[in-house]
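Taking it in order: structure first as structure tokens, then the write-up.
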Amino acid sequence: LSIQNRDLESDNQLSIAVLADSHQNYKDLDNVIGQVNDTPNLDMVVMLGDFTNKSYNFEYDQFLTFWTKLR
């Protein structure tokens, strides 16, 4: 969960990007993270899960390599 410092009371709007089921599709995840980073006035990003296929530690490590690119 990532929340930006914005005054939500000024516009009464909350902009949320919701991602899910990336599994090990890191090329698409990288593209989506790029799109999210290019989205103006985004307040929050929520990842609903399924980061991996088998829950191996190396899968989580690979996921984090891409997820940490999120601004």
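Pairs are defined by a Cβ separation below 9 Å, a sequence spacing of at least 6 or placement on different chains, a first member in the range 17-35 that is over 16 Å from Thr65 (Cβ atoms), and a second member that is small (Gly, Ala, Ser) and assigned to a strand (DSSP E or B); the pairs so defined are Gln35/Ala17. Scanning the range 38-48 for residues that are exposed (fewer than 13 other Cβ atoms within 10 Å of the Cβ) and either acidic (Asp, Glu) or closer than 17 Å to Arg71 by Cβ (or both) turns up Asp38, Thr39, Pro40, Asn41, Val46.
Residues in the range 49-71 that are without any contact (Cβ under 8 Å) to a residue 60 or more places away in the chain, surrounded by 14 or more Cβ atoms within 10 Å (Cβ to Cβ) and under 10 Å from the mean Cα position of the chain (by Cα): Phe66, Trp67.
We did not get these values from a lab; they are worked out from the coordinates using the rules stated. Computed from a prediction, not measured in an experiment: that's the story for all the values here. Neighbour counts run over all protein chains shown; Cβ positions are idealised from the backbone, glycine included.
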